[in-house]
Structure formats: structure tokens, C-alpha cells
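Engineer: Here it is, the structure in full.
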């Protein structure tokens, strides 16, 4: 890619929209993975890896375009941070699916299903909100709702940990489940960071 003085006004926003759509695809597959019979989970994990790889490619395209563009529609640091956080969201969801398969977990706590449902809603709202970055419109409801969802995720996370340590589950399984639960919680945290970053950009650009 050659150096461009100014990017197309839509280039970065189109790429961010692509990544957001990958997040929606990824969490839908993660939901199918956690709800599947253990013998079927490897197929869903492979599909999740493919989506994560596609999201990575789009993130690389954002960074490549950023490095080749002098004038950008948003601050360079904001573009870089948005791309990085969205990448983290996808990576943690992919990691959670990977751990479930690698650890050969059979029954998952009901709270894991609830965590994935919350992540699904976060991804859907993100996909709906990202186009609003073009004109900085319709974003406030997004970051308010994302913060509410993250708080709900925190409650599910804490309740699951308490139940897990109070159960008669063997120590090794507790460790494995804790890894999965914490990885899903990290994904929730990154979605909240994304919403907070979009809020900060909106305030700066208004």
C-alpha cells in the first residue's frame, strides 16, 4: 500500500464495521460451542478460529491503512485503541472456546451460558453502534447499556465463582472451569473498555 495524504472518509469506519460483524459471528459460534455435545465442540472451535483469523486480518488492515495515511477521520491514537480493544474482545472469546475443548470439559455451569448470552448482546450492540462513529450520532445509549451489561456480567461471574468453590467438584475441574469463567469475564471487560473508549471519542469529537 502506498502512502496517502488522506484516507477515504469511509475506509476506517468500514473496517471497524467489518470487525464488529466478526464479533457477532464469533460469539454466535461460541454460543453453539458451549451448548453442544462435547464431541461436537471441536468443529465449532475450528469455525471460531476461522472467524478470529478473519478479524485479525481486518485489524491488520486497519493498522496498515493507519500507517499509510497522513490525515485520518479520528485521532490516530483513537483508531489504534479501538482496533486493539476490538481485537482483544475477539481473542478472549476464541480463547474461551479453545479452553473448553482443550480441557475436555463436559458439563458447564449455567452461568457460562449466561455469560455468553451477555457477550452476544454486547457484540450485537457494538455492531449496531459502530456506524454511528461516522457522524458521532446515537452512541450514548450504546455505552450506557454496555456498562449495564458488564455490571450484570460481574454479578454472574462472582456468583459462579462462589458456587464453584462451594461445590463438591474435584480441584482440577474447578481450576479448569475457573479459567474459562475468567476468560469470558475478560471478554466482558474489554467490551466495556470499548464502550468507554467510544464515549471518550464522542465527547472529544463533539
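Read-outs: derived from the displayed coordinates by stated rules, not from any lab. Because the structure is predicted, anything quoted here is derived from the model rather than measured. Here Cβ is always computed from backbone atoms with ideal geometry, including for glycine, and neighbour counts include all displayed protein chains.
Engineer: Checking the conditions here, which among 24, 39, 71 is in contact (Cβ under 8 Å) with a residue 24 or more places away in the chain and either under 19 Å from residue 187 (Cβ atoms) or out of contact with any strand residue (DSSP E or B) (no Cβ under 7 Å at 6 or more places or on another chain) (or both)?
Structural biologist: 24
Engineer: Given the condition free of Cβ contacts under 8 Å to residues at least 40 places away in the same chain and within 17 Å of the chain's Cα centre (by Cα), answer yes or no: does some residue in segment 14-21 qualify?
Structural biologist: No; the residues of segment 14-21 include none that is free of Cβ contacts under 8 Å to residues at least 40 places away in the same chain and within 17 Å of the chain's Cα centre (by Cα).
Engineer: Here's a follow-up. For segment 99-119, indicate whether the set of residues that are under 18 Å from residue 201 (Cβ atoms), in contact (Cβ under 8 Å) with a residue 12 or more places away in the chain, crowded, with 20+ Cβ neighbours inside 10 Å and within 18 Å of the chain's Cα centre (by Cα) is non-empty.
Structural biologist: Within segment 99-119 (the criterion being under 18 Å from residue 201 (Cβ atoms), in contact (Cβ under 8 Å) with a residue 12 or more places away in the chain, crowded, with 20+ Cβ neighbours inside 10 Å and within 18 Å of the chain's Cα centre (by Cα)), the answer is no, since none of the residues qualifies.
Engineer: Among 61, 77, 95, 52, which is without any contact (Cβ under 8 Å) to a residue 40 or more places away in the chain and at negative phi?
Structural biologist: On inspection, the qualifying residue turns out to be 77.
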